[in-house]
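*Asks:* Below is one structure. I have some questions about it.
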Amino acid sequence: MKLYDQIFDVVKQFRKLFSPGPVTNADVSGSITAEIFIIVSIVLAAILLRHVSVLLAGLVTLILAIVLISNIPLIPKFKIEQEDSLEKMLFYAIVVLCIIVVFLYWGGNLV
Amino acid sequence: MNELIPLMVIVPLMAALLISAFSRFNKVTKIFAFVVAICLPIIPIASNYGLHYFGGYEPMLDNVTNVMFHPAITYSFSFPQQIFIAMIGLLTFLVVFIYLTKYKEVSGPYLFLLFLGTAAVTAMLLTDDIFHMFVFFEILALAQVGIVAASSIDYSYEMALKYMILGSIGSPIMLLGIGFLLALTGSVNVTDIAAAVHNGLVDMTSPVFLLSLGLIFFGWLYASGLPPFHTIKSGIYSKAEPHGAALLQSFTVISMISIVLIMFRIYSSLPIFEVLVVFFSILAMILGVSLALTQTDFRRMIGFLAVGELGFIGLGIGLGTQYAITAGLFQALNEIIITALLFIGFGAIVNATNEVDTRKLGGLLAYHPKVSIMLLIGGLAMAGVPPLSGFQSKLMLVQASLSCGFPEISILAIMVSIATFVVFVKTFYAMFLRPKPNDLEVEGKEVPRSMIFAMGILLIIIILLGIFPDMVINGISSFVGGML
């Protein structure tokens, strides 16, 4: 029942996402599709970790699924993070540089 | 006929300079721009395949090591270059044609930027010299900033400035990576660098070599608009004039594939390179499509979809097999055409309604049936609906990821295609099918015929490539086979 209320609350929160301006059925259904798409695709992508370790893939997939579903709605949060603010763009550019360094540090000697 | 190879760069470059210098003479400028634009797709079709050494410095053979060295800046012209340069030339022609027919008084600097961008991407495709590629990459970035800043859309200056600031991070980082490669191998010629790496003259696990990969990779992310640069890339598309956006996205796709192919030739022995490409491609697909689903500005929506589609191209390259890379390059060609069609088509709607918010539009099918049908087919092609070109390349990518042992990626690619389809159904319904809002004024506003002409040409190519994909795939596959 709690999850049902949470999903119902998601629709209400989408109103804020489209403000100012009217919220149409198409916009809400698009946002719900995006919500489901983002959860499923991230969980699916996490399964790729099975090429590193099957146990790791299982754990990460399970943890991601629980964390993502319990934190819905994700799309408003994603949209706020992906806005046109230069500060956020620069922040994520630095984050990505760090990710590349991590990849190369631990995976660079796989030849 | 190999003299035609450098002309592919020189012609648009000279045209840009001349148009900028003599833009006071409006009629002459218009005629000259039109003639040059027509020549652009013809030159690559008329040219023979081969190499061009600037300055005439032929490669030298070191008799001791039996290794060839390339002292000259080398342009390499084969089937993929021909098809991509011809397509960029055609697109430049269509965009210039739309621009010339739209305005009585043309802007010399704007035409300068369009031709400069075309020359830059052509050089990036042709060159076998990594520093030469970087120089034109910088020129391209400036041309892109100019095209966005020159548009009359609100906040276009701000967006162009942000793009330039982010570019001032991405470009020097890439140059630093090229510098490390030069320090390691003593050459900026990609063939020489690749030979040094694959012959064991460079230690592939050395921190400097890995650092050069990381730095050039980051520059590539900026050039191609993959995360974290997907937001700014979709932003600049939405702030440019529609025909300008059509050309901008093609510049992005070309710079993406030209840089990644160079990286592939140098770093393909490192498994982490392919992991990085696949990781960021998947991220682009997920973020691009999910953000497109929540947009109400349809120009921004196409911008995010274009970023999501870039993920498909990266996926093909990242999987690394001959079939997968062929699929990736074919997808790149399709994306150039399909996204250009969508930008021009939605631009036509902006032209007719002065409105970009899907919530304020409706009932346009009755007013603009030709545009709406062509947009629908373009949207279906992007979503991967048979028998259109997008279907062929996406099917190839799904098959490639399955044969590489990554069924998750295949499922993900299909999911992204379905989500793209949802975006189009939603937008098409909102703009064309539902009743027209009372306050929307569309009476008496015609779509320019040049836009319909351009859309028609692009649509024919989409259908032809969908029905006869082999006319492109075979040539690309042979090229990729040679590269591997």
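*Asks:* Determine whether residue B:237 is free of Cβ contacts under 8 Å to residues at least 60 places away in the same chain and closer than 21 Å to residue B:162 by Cα.
*Replies:* no
*Asks:* Any idea how many residues of the range B:182-218 are within 18 Å of residue B:258 (Cα to Cα), within 11 Å of chain A (Cβ to nearest Cβ) and in contact (Cβ under 8 Å) with a residue 40 or more places away in the chain?
*Replies:* 5
*Asks:* Does residue B:245 satisfy the criteria of being of a type in the set (Gly, Ala, Ser), within 13 Å of chain A (Cβ to nearest Cβ), closer than 25 Å to residue B:161 by Cα and crowded, with 24+ Cβ neighbours inside 10 Å?
*Replies:* Answer is no for this residue.
*Asks:* Also, quick follow-up: Being closer than 22 Å to residue B:467 by Cα, of a type outside the set (A, V, I, L, M) and in a helix (DSSP H, G or I) is the requirement here; does residue B:328 meet it? Full working, then the answer.
*Replies:* Working: closer than 22 Å to residue B:467 by Cα: yes; of a type outside the set (A, V, I, L, M): yes; in a helix (DSSP H, G or I): yes.
For residue B:328, the condition - closer than 22 Å to residue B:467 by Cα, of a type outside the set (A, V, I, L, M) and in a helix (DSSP H, G or I) - is met.
*Asks:* Testing residue B:330 on (1) modelled with pLDDT of 95 or more; (2) farther than 29 Å from residue B:84 by Cα, one condition comes back false. Which one is that?
*Replies:* Only one criterion in (1) modelled with pLDDT of 95 or more; (2) farther than 29 Å from residue B:84 by Cα is unmet by residue B:330, namely (2).
*Asks:* When the residues of the range B:441-456 are filtered to those that are of a type in the set (A, V, I, L, M, F, W, C) and buried (at least 16 other Cβ atoms within 10 Å of the Cβ), which remaining residue is modelled with the lowest pLDDT?
*Replies:* Residue satisfying both the conditions and the ranking: B:442.
Rundown of residues vs (1) modelled with pLDDT of 90 or more; (2) more than 14 Å from chain A (Cβ to nearest Cβ); (3) in contact with a helix residue (DSSP H, G or I) (Cβ under 8 Å, 6 or more places away or on another chain), yes/no style:
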position	(1), (2), (3)
B:404	yes, no, yes
B:413	yes, no, yes
B:430	no, no, yes
B:435	no, no, no
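*Asks:* Would you please name the residue that is modelled with the highest pLDDT, looking only at residues in the range A:76-93 that are more than 7 Å from every other protein chain (Cβ to nearest Cβ) and not in a helix (DSSP H, G or I)?
*Replies:* Filtering the range A:76-93 for residues that are more than 7 Å from every other protein chain (Cβ to nearest Cβ) and not in a helix (DSSP H, G or I), the one modelled with the highest pLDDT comes out as A:85.
*Asks:* Same structure, new question: Any residue at all in the range B:94-102 that is assigned by TED's automatic domain parsing to the domain that holds residue B:257, at pLDDT below 90 and over 22 Å from residue B:134 (Cα atoms)?
*Replies:* yes
The values are calculated or read from the model by the stated rules, or taken from the named source; none is laboratory data. Treat the numbers as computed from the prediction; the structure is a model and nothing was measured. Cβ atoms come from the backbone with ideal geometry, glycine included; neighbour counts cover every protein chain shown.
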